[in-house]
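Notes follow the structure.
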Amino acid sequence: MFWFLLVLVITILGLLGHNFPCVGSSPHRILVDTDVDTDDIIALLYLLKLNKSEFDLVGITLSANAWTNAGHGVNQVYDLLHMMGRDDIAVGVGGEGVILDDGTILPDVGGYLPIIDQGMATAGGCRYRQTIPKGRKGLLDMDSNYGFRKHFLPQGNRRYTPLQQSTAQKVIANKVLEGPISIFLMGSHTNLALFVMSNPHLKHNIQHIYIMGGSVRCPNPTGFCGNLFTDFTSNPYAEFNIFADPFAAYQVFHSGIPITLVPLDATNTIPTNKKFFETFEKNQRTFEAQYIFKSLEIIRDTWSPEVFYSSYCMWDSFMAGVAVSIMKNAGNNNNNNNGENVFAEMEYMNITIVTSNEPYGLTDASNPFFDKQITPKFNLTLGGVHSGHVQSGLNDPICMQRRDKGNCKDGYTKETTGPDSVQVLVATRAKLNKKNYKSELDREFYVDILDVLNRPEEAGRFNLSTQFPYYREERFTPDLSTTQLGKPVIFDMDMSAGDFLTLFYLLKVPVEIIDLKAIIVSPTGWANAATIDVVYDLLHMMGRDDIPVGLGYLLALNQSDPTSPSVGDCLYAKAIPQGCGGFLDSDTLYGLARDLPRSARRYIAETSVAHGAPRNTDSPELRQPLALEVWKYLTKSVNEESKITVLTNGPLTSLAKIISSDKNSTSLIKGVYIVGGHININKSDKGNIFTVTSNAYAEFNMFLDPLAAKAVLESGLNITLIPLATQRNLTSFHMMLNSLNSTVQTPESQFVHRLLDRLHALHQDHMSYKHVGMFLGEIVGALFLGGDHAVLKPKLRDEQVKVIAEGSESKDGQILIDKLHGRRVQILESIDSRGCYESFASKLNDKRQSAVIGSFEEQRKKWITSPSRTLRRKKRTTPPSRTLRRKKWIT
């Protein structure tokens, strides 16, 4: 009887085991590669809400050549994870590895460039990426998530730090080595392609690749196959994620790893329609739901409701939903060959990725895999599918030979047969809601995503305002009503490290000498547009929330597309590295930006009908002003005595645009001090464009927009040029740091010391930072403008000069002395270096006009301390003299 009962129990348990998952079963491990677009954020939060014991998101890598810039993207991911209590998840971005001419892929290639253009550095062109707008509805809005990132997300301890940040390749390798894993691709395929090409022996651990991207069967609602809305005249076939790096996508599709594709064919059937939006508006019970809804709301208001409801689709979030549903049905054995899932209808198709255009085998200087190569790169076949014409840009003449639509198919997910095709499981359309009759939503996934995002389980812990019990937004404004103000100055900066040093100095010069009226940021230089928030934070630290900040023009003159001005080429901007020592570091102020206190001011996409929007957003008064608007506001009542002095520390794009847009502008400007340009005395006297070897004698600020430089120099303005030779008087980190060492230090001098100390260490430790010493010399213009000339000992001379702006990469930006046709300028020929170091340090260490709130840490302590307790402590500890100064400086 005992044995009979034992056998019966074992049999029952065995039968039950067919219907219920084993308690000890391991979760599905997931790695996401994302370009941190808003729809990617929705997908990430959806995945983070799932039961970790069933679906474990173990790693996130950033696709750095698509819809976000690496520095802004990685810190937003860190903040999302902190909100969700998942600081354990590995995050990887970038890398300084290269691809040799013979196709050898060295470790840690950063994925900043498409594989076809990746060479020996992270600087390079924007062959495919130029289809993405740089400003609104593009990189600016993605980097800031329309301005809500800093307003909503809490800030944890994790952040990008130079040379300490995990690279994308290392995170992928580590997670694949740890065991079987599924990879979700939500951006370009560069990172994963580089991994599988370099590590074919590890592919067996990648169980499945789920992809949002491509467009297989035409047309979609736009009338085209793809969604390159800025490039239909050249390429109506491609979708953004695949187009960002077609060769990489080809490598992924042909890797032999099982693939499920969720293309536009399916996502077009699940737009964020009005009923879903209205239902979502009523269901925001978690922080993550609130963050997503607020993001969607401003997208709707800045697009137009009609376009948004029909065209803003659930791209990556729908792919994530389909993927986890397939995985759930497959179980741990990954046995679901037909892709059974709750949300999408599926079909097998034979697909390839078009990487070049027929006829194949013709060399026309468009294809680096073959052009000037004795042996094709990666041993590709001449005459094969990769050997045709490769689209070179928005207005590629080869792609525009047909009148009705574009001719190129780069990045097309083409349904085909033959040896080049791969069998792929494809989602064809979203399934209707047939189960949940209580819901008015007509798609299964609509119901699911709202349910998942609003679950109390795995919910976000707090947002920025609830993270701290006494959080409040403040604005600090000096009381200057009884002060005799000095010369009115506008500072035009491109947000390089040297520009932030300069801004600190300008804010420390007594207002009786320099009255800093406004700041214009020019995103045509060393940082991207969303870095404007760092400027706001620095001003907040220094108690100058009253200073307006205008957003300058986002593309160099003559680089924007004639039909779509928000996009354009990067003939000059490509000289700046995307990775270490370039945009990645400038956008994060070399990892230190998050130590600044948070300002209530920030870039935000709020706008109004008066400024061309289809409707007013919630808070149109918060709209980010443009450079020209700030200029016009400041110059309404300018007279002879209040003429503006302009100090420029970057490309001259914004100033050139102001001059061309406002005919009276030159009469309102007293003088322009230009930090930039190089006047070479002999052939050995080289410029500083270290990434463009063909141009030996140009300087960055002139090179980054030579047409703007030409326009300003020929404007008739009273110009003082601070050339590269004079800036090179200040290249000693050691002397600058020694000067700042003082027994009496201010919060601003401490911050500047940390920044300089970090730059110095990086300069010594890594080849990618050998150029950062040049940023020290950028403070010379401000020193000359606001310093004691008896100490600085400046020497000036008059000269007649002109700048080359011919569209030639090897010559543009060079300044020539031309006695016959040149324009007369004053040149700051020399300045005393020791005097500069001492003047800079003495101002930074001066307790007058010092920081109102010294750091984010000080701000954090303020937000966790009762205001009444803080007030009592101040009464006990604050000396009377300091109290008076603070009361005068702050209202």
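Miscellaneous remarks
- In the stretch 360-376, the residues that are outside the structural domain of Pro114 (by the TED database) and over 16 Å from Asp117 (Cβ atoms) form Cβ pairs under 8 Å with partners that are in a loop (DSSP other than H, G, I, E, B) and open to solvent by 90 Å² or more (accessible area, probe 1.4 Å), at six or more places apart or across chains, as follows: Gly361/Leu382; Thr375/Asp102.
- Options Asn433, Asn454: the member that is of a type in the set (S, T, N, Q) and open to solvent by less than 20 Å² (accessible area, probe 1.4 Å): Asn454
Rundown of residues vs (1) open to solvent by less than 20 Å² (accessible area, probe 1.4 Å); (2) in contact with a strand residue (DSSP E or B) (Cβ under 8 Å, 6 or more places away or on another chain), yes/no style:
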| position | (1), (2) |
| --- | --- |
| Arg300 | no, no |
| Asp316 | yes, yes |
| Ala320 | yes, yes |
| Leu362 | no, yes |
| Gln373 | no, no |
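- Subset of the stretch 467-508 [polar (S, T, N, Q) and open to solvent by 20 Å² or more (accessible area, probe 1.4 Å)]: Gln467, Thr477, Ser481, Thr482, Thr483, Gln484
- Considering (1) under 20 Å from Ile183 (Cα atoms); (2) touching a residue at least 60 places away in the same chain (Cβ under 8 Å); (3) of a type outside the set (Phe, Trp, Tyr), the lone condition that Ser53 does not fulfil carries the number (2).
- In the stretch 830-861, the residue that is least open to solvent (accessible area, probe 1.4 Å) out of those that are among the basic types (Lys, Arg) and not in a helix (DSSP H, G or I) is Lys847.
- Among the residues listed as Ala70, Ala43, the single one being within 23 Å of Thr588 (Cα to Cα) and out of contact with any Lys or Arg (no Cβ under 8 Å at 6 or more places or on another chain): Ala70
Here is a yes/no grid of residues against (1) in contact with a helix residue (DSSP H, G or I) (Cβ under 8 Å, 6 or more places away or on another chain); (2) of a type outside the set (S, T, N, Q):
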{"residue": "Glu358", "(1), (2)": "no, yes"}
{"residue": "Thr375", "(1), (2)": "no, no"}
{"residue": "His389", "(1), (2)": "yes, yes"}
{"residue": "Lys414", "(1), (2)": "no, yes"}
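- Taking the criterion of being touching a helix residue (DSSP H, G or I) at 6+ places or on another chain (Cβ under 7 Å) and not hydroxyl-bearing (Ser, Thr, Tyr), the residues of the stretch 736-746 that qualify are Met736, Leu737, Leu740, Val744, Gln745.
- Annotation: of all residues in the stretch 196-235 being closer than 21 Å to Thr352 by Cβ and assigned to a helix (DSSP H, G or I), the one that is most open to solvent (accessible area, probe 1.4 Å) is Pro200.
- Residue tally, condition open to solvent by 60 Å² or more (accessible area, probe 1.4 Å) and without any contact (Cβ under 8 Å) to a residue 60 or more places away in the chain, over the stretch 771-804: 7
- Restricting the first member to the stretch 754-766 and to residues that are more than 17 Å from Thr731 (Cβ to Cβ), and the second to residues that are of a type in the set (A, V, I, L, M), the beta-carbon pairs closer than 8 Å and six or more apart or on different chains are Arg754/Leu592; Asp765/Leu163; His766/Leu163.
- Any hit, the stretch 427-438, residues being under 30 Å from the mean Cα position of the chain (by Cα) and of a type in the set (Phe, Trp, Tyr): no
- Search result, residues across the stretch 648-665 that are among the polar types (S, T, N, Q), open to solvent by 10 Å² or more (accessible area, probe 1.4 Å) and in a loop (DSSP other than H, G, I, E, B): Asn664
- Listed conditions (1) surrounded by 14 or more Cβ atoms within 10 Å (Cβ to Cβ); (2) under 30 Å from Asn463 (Cβ atoms); (3) β-branched (Val, Ile, Thr) are all met by Ile864, apart from (1).
- Residues in the stretch 679-693 that are farther than 16 Å from Glu809 by Cα and under 34 Å from the mean Cα position of the chain (by Cα): Ile679 alone.
- Taken over the stretch 473-514, the residue count meeting the criterion of being over 16 Å from Gly543 (Cα atoms), part of a loop (DSSP other than H, G, I, E, B) and over 23 Å from the mean Cα position of the chain (by Cα) is 7.
- Residue among Ala698, Ala708, Ala725 that alone is under 28 Å from the mean Cα position of the chain (by Cα), outside any loop (DSSP other than H, G, I, E, B) and either assigned by the TED database to the domain that holds Val509 or at pLDDT 95 or above (or both): Ala708
- Taking (1) surrounded by fewer than 24 Cβ atoms within 10 Å (Cβ to Cβ); (2) touching a residue at least 12 places away in the same chain (Cβ under 8 Å) in turn, Asp88 satisfies each apart from (2).
- Matching residues, the stretch 727-740, being touching an Asp or Glu at 6+ places or on another chain (Cβ under 7 Å) and of a type in the set (Ser, Thr, Tyr): Ser739
- The sole residue among Asp108, Asp117 that is open to solvent by 40 Å² or more (accessible area, probe 1.4 Å) and under 30 Å from Pro376 (Cβ atoms) is Asp117.
- Residue check, Ser310 within 21 Å of Asp265 (Cα to Cα), free of Cβ contacts under 8 Å to residues at least 24 places away in the same chain and assigned to a helix (DSSP H, G or I): no
- Selection status of Ile513, out of contact with any Pro (no Cβ under 7 Å at 6 or more places or on another chain), of a type in the set (Val, Ile, Thr) and more than 18 Å from Val675 (Cβ to Cβ): yes
- Condition check for Val852: out of contact with any Gly (no Cβ under 6 Å at 6 or more places or on another chain) and in contact (Cβ under 8 Å) with a residue 40 or more places away in the chain: no
The values are calculated or read from the model by the stated rules, or taken from the named source; none is laboratory data. These numbers were taken from a predicted model, which means no experiment stands behind them. Reconstructed Cβ throughout: ideal geometry from the backbone, glycine too, with neighbour counts over all protein chains shown. To get the accessible areas, we keep the full protein, side chains included, count just its heavy atoms, and leave off ligands, DNA and RNA. Shrake-Rupley method; radii C 1.70, N 1.55, O 1.52, S 1.80 Å.
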